Every structure is written in structure tokens, then in C-alpha cells.
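Each remark here refers to the structure printed beneath this line.
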Amino acid sequence: GKGLPLFRIEDSFRRDGLAIDRATLSRMKKLVGDTLMGTVVKAMSEHALATAFCISTDATGVNVQPIYSHEKGSQPCKKGHFLVMIADKDHILFDYLEKENGPAIYERFRGFNGYVQADAKAVFNLIFADAAQLKRKACDVEHDGCTRTEVGCWYHCRRRFWEATIAKCKVASEGLVRLGRIFELDASWKSKPPPFGPSGNFAEDWLF
């Protein structure tokens with residue numbers, strides 16, 4: 001597809017003497033998407049949830065234009081979200097959420113035991129809840145029996161140190177220097193796998 005919108009691909013084919021209309025191109029893309037989602041992407045998701053040490057996640061909003069209808073005419077855009085899940089070095093998954101809420105996020109992490117790096121947005125709270133907490137917060141969501149440990153985002157944390165540094169706080173300036181060192185070390189370890197020790201638990205062997 002050359003990364004082009006369908007109308008440009010249609011024009012390109014026409015110049016080459018091949019008439020393929022946008023409706024056909026759309027059906028082809030849907031067929032490929034359905035096939036990949038049901039095979040490759042499904043396998044990637046299952047492998048990530050079963051084996052990942054840490055999954056980093058975030059969501060971004062998108063405007064979705066409803067399909068034009070003669071009854072309703074043109075309608076205003078609806079708000080949707082794309083959720084990204086980065087599992088170690090193995091997989092990067094994108095999933096569309098019609099509604100970005102706790103139950104929808106929970107379903108994407110169902111069956112995962114491990115660490116989850118996310119910002120402090122409330123929609124992520126459910127995935128760290130135990131069975132009792134989940135029952136209180138979302139009684140219609142069944143707990144999956146898994147334990148996920150929340151890992152905060154240093155970049156979000158750094159913002160507050162930066163704001164305090166602008167206000168001439170020396171302690172905050174020292175904090176920025178130390179965070180910078182953490183980022184440097186993290187970059188140097190990027191190509192290495194998590195260092196598991198004798199117990200097989202990263203936190204027990206290396207953090208404490």
C-alpha cells in the first residue's frame with residue numbers, strides 16, 4: 001500500500017492501467033486485517049501475556065467518523081482510543097477501544113502475571129486490584145487470578161522535578177541529575193534481557 005490513502009492508491013493503479021476501485025481495496029485491507037488479527041496478532045498477544053516480564057502500556061484518543069447514512073446524514077465524530085502494549089523486546093500490540101475504561105483495559109491484560117508500566121490514569125487501576133478490590137470497584141468483572149505489579153513512569157515523575165527546578169529548588173535539581181543517570185543506565189541495558197537470578201524472580205534477586 002506504500003503507506004498511502006486508498007484514493008491515492010486507486011489513482012496510482014489507474015495510471016498503470018489497472019482499475020481497482022476503493023471499495024475493492026477496502027475489502028482487501030479488511031480481509032488482510034481479519035486474517036492477521038485472527039492468526040499472527042492473536043498469537044503475539046497470547047505469547048506476550050504468557051511470557052512477558054513487563055508490559056508497558058498507554059492509550060491515545062482518536063476521532064472516529066461514523067459511516068454516512070441517508071437517515072441520519074453526516075454525524076459528528078465519536079471518540080475512540082488506541083491502546084498500545086509493549087511486551088519486553090518481543091511484541092508491540094495495538095488494540096482499538098471503543099470505550100477507554102477499567103473493564104476494557106482489564107480484558108486486554110487478562111491472564112498476565114508480571115509487571116505493568118503505566119501512567120497514573122485511573123483506567124489502569126483495575127488491572128492491579130486483587131479479587132476483593134475488583135469486586136468492590138467492578139462487580140461485573142471476574143478476577144483472573146493473576147497478580148500484576150504496577151511500575152510507575154519515570155518520565156511522568158521527572159516533570160515534577162523539572163517544575164520544582166524552574167522554581168529554583170536545589171533538591172529538585174539534584175533529582176533531575178539522578179534521574180538523568182537512571183535514563184543513561186537504562187539506555188545502556190536496552191539490548192540485554194532481564195537478569196534473573198537463582199530464584200527466577202527478578203525483584204527478589206536484584207531489587208532487594
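For the stretch 56-208, carbon and sulfur atoms together expose 57% of the accessible surface, with a 1.4 angstrom probe and every protein chain in place. Pairs of Cα atoms nearer than 8 Å and 6+ residues apart set the relative contact order; for the stretch 25-119 it is 31 percent.
In terms of the Cα gyration tensor, with a ≥ b ≥ c the square roots of its eigenvalues, is the stretch 77-133 rounded because a/c is under 1.5, prolate because a/b exceeds b/c, or oblate? Oblate, since a/c reaches 1.5 and b/c is not below a/b.
For the stretch 1-98, the list of trypsin sites (Lys or Arg not before Pro) that fall in a loop by DSSP and count at most 13 other C-beta atoms within 10 angstrom reads LYS2, LYS72, LYS89. With K and R counted +1 and D and E -1, the other residues having a Cβ less than 14 Å from that of THR35 yield a net charge of +3.
For the chain, take the longest principal axis of its alpha carbons; what is the angle in degrees between that and the long axis of helix 40-51, to the nearest 10 within 0 to 90? For 40-51 against the chain, the angle is about 10 degrees.
If the limit is 21 Å between Cα atoms, which of LYS99/LYS121; LYS42/LYS135; LYS42/LYS192 go over it?
LYS42/LYS135; LYS42/LYS192
If only the Cβ of Lys and Arg carry +1 and only the Cβ of Asp and Glu carry -1, the dipole of the stretch 1-141 around its Cα centre is close to 300 debye.
Accessible area per residue of the stretch 1-113 at 1.4 Å probe, in Å²? All intermediate terms of the calculation are to be shown ahead of the outcome.
Working: 7750 Å² over 113 residues.
Result: 69 Å² per residue.
Size descriptors for the chain, from the alpha-carbon set: Rg then Dmax equal 22.5, 69 Å. Compared with the direct C-alpha span, the chain from MET28 to HIS70 gains 12.6 nm at full extension, assuming 0.36 nm per residue. Judged by the mean number of other Cβ atoms found within 10 Å, the most tightly packed of the peptides 117-127, 134-144, 53-63 leads the ranking 117-127, 53-63, 134-144. Shape class of the stretch 1-111 from the Cα gyration tensor (axes a ≥ b ≥ c, square roots of the eigenvalues): oblate, since a/c reaches 1.5 or more and a/b does not exceed b/c.
The values are calculated or read from the model by the stated rules, or taken from the named source; none is laboratory data. Bear in mind that the values here come from a model prediction, so they are computed numbers and not experimental data. FYI the Cβ positions are ideal-geometry reconstructions off the backbone, even for glycines, and counts take in every protein chain you see. Side chains are part of the model used for accessible areas, which takes the heavy atoms of the whole protein and leaves out ligands, DNA and RNA. Shrake-Rupley method; radii C 1.70, N 1.55, O 1.52, S 1.80 Å.
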